[in-house]
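See structure below.
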Amino acid sequence: MSRDKTLIVANWKMNLNVGEASLYLHQLAKLVKSHRDVEVVLAPTALALQSLSLQVNSRQFKLAAQNFYWRDHGAFTGEISATQLRGVVQYALVGHSERRHIFHDSDKDIRAKVQAAVRNHIKPILCIGETAFERSEGETSDILHDQLVGGLANVTSEELEHVVIAYEPVWAIGTGKNATPADVVMAARAIRRQIKHLYGAGASEAIAVLYGGSVTADSAADYLAITEVDGLLVGGASLNAHDFNEIIKKAHKGSGVAKV
Ligand code: PEP
């Protein structure tokens, strides 16, 4: 994933039914002015992916899966594979903290999902971040290291070009307690240091790193101004098309947000 574009990702989680998702897309399409420097990605309920993929103007918005199973086919009742998502979505969230903590996705599952996404030409957005306890113990950069090494094992340098990393401190997700820009700078630098160690300086410079955790239209600019940050992963504030558009507007180069 090149860093030429700012990536703004909406994670609707288990909200909005198929009809509501379609209406939202219709509203957002009218509000958003397309800019070549911003890529807007919507992650709706899996039920809506097929119909939204037919409705969406793919030059204006991309689609993402919130989750999938890492095998391509077979007797896995209730699951959806990256092979089935291929051609429908361009991105997929992997390792979101709700998957790790509520559904117990292990490092092994997450690693297999990253590989399944890449194998099926879907860009994985690998979410990593520490819990409040880990943060209080001063373990943030160790956790980022472990989750990066765990998630990226077996990913080649060429494959890494299609991977996006999202720093999402668990304590900041859906809590209204967002990380300070200084926290995010530290984490994004730690991520790039680790990528440098694993893949070299070029990869560390090239990889897209997002921030996610209680971002709102009011706080978006503070994160987008960070040189090491290439976009945002937005949960709650993406559920309303007008609010989400206010965040998207901050990502345009002409919005007045300057990198620091
Ligand atoms: C998320 O779901 O990834 C997220 C960051 O949620 P919120 O913006 O609601 O904290």
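The values are calculated or read from the model by the stated rules, or taken from the named source; none is laboratory data. All values derive from a computational prediction rather than experimental measurement. Every residue, glycine as well, gets a Cβ built from its backbone with ideal geometry; the counts of neighbours run over all protein chains shown. The area values use the complete protein model at the heavy-atom level, side chains included, leaving out ligands, DNA and RNA. Shrake-Rupley method; radii C 1.70, N 1.55, O 1.52, S 1.80 Å.
General remarks:
- Answer residue from the stretch 230-248, given it is touching a residue at least 60 places away in the same chain (Cβ under 8 Å) and over 16 Å from Val41 (Cβ atoms) and is nearest to the ligand (Cβ to nearest atom) among those: Gly236
- Residues of the stretch 168-202 satisfying the condition of being buried (at least 17 other Cβ atoms within 10 Å of the Cβ), near the ligand (Cβ under 10 Å from one of its atoms), of a type outside the set (S, T, N, Q) and not in a helix (DSSP H, G or I): Glu168, Pro169, Ile173
- Only listed residue being of a type outside the set (Ser, Thr, Tyr) and assigned to a loop (DSSP other than H, G, I, E, B), chosen from Leu52, Leu47, Leu16: Leu16
- Test: residue in the stretch 123-132 that is of a type in the set (D, E, K, R), open to solvent by 60 Å² or more (accessible area, probe 1.4 Å) and not in a strand (DSSP E or B): no
- Output for the stretch 172-213, where each listed residue is on the phi > 0 side of the Ramachandran plot and modelled with pLDDT of 95 or more: Gly200, Gly213
- Within the stretch 19-44, considering residues that are assigned to a loop (DSSP other than H, G, I, E, B) and not charged (D, E, K, R), the one nearest to Ala82 (Cα to Cα): Pro44
- If the condition is being surrounded by 22 or more Cβ atoms within 10 Å (Cβ to Cβ) and within 16 Å of Tyr91 (Cβ to Cβ), then the stretch 148-167 contributes Gly151, Val163, Val164, Ile165, Ala166.
- Summed over the stretch 92-110, the residues that are in a helix (DSSP H, G or I) and under 10 Å from Gln66 (Cα atoms) give a count of 1.
- Answer residue from the stretch 211-254, given it is part of a strand (DSSP E or B) and either touching a helix residue (DSSP H, G or I) at 6+ places or on another chain (Cβ under 9 Å) or polar (S, T, N, Q) (or both) and is nearest to Asp37 (Cα to Cα) among those: Gly231
- The condition (being among the β-branched types (Val, Ile, Thr), buried (at least 24 other Cβ atoms within 10 Å of the Cβ), within 16 Å of the ligand (Cβ to nearest atom) and in contact (Cβ under 8 Å) with a residue 40 or more places away in the chain) is satisfied by just one residue among Val89, Val114, Val94: Val94.
- Matching residues in the stretch 6-32 - criterion: being touching a residue at least 60 places away in the same chain (Cβ under 8 Å) and among the charged types (D, E, K, R): Lys13
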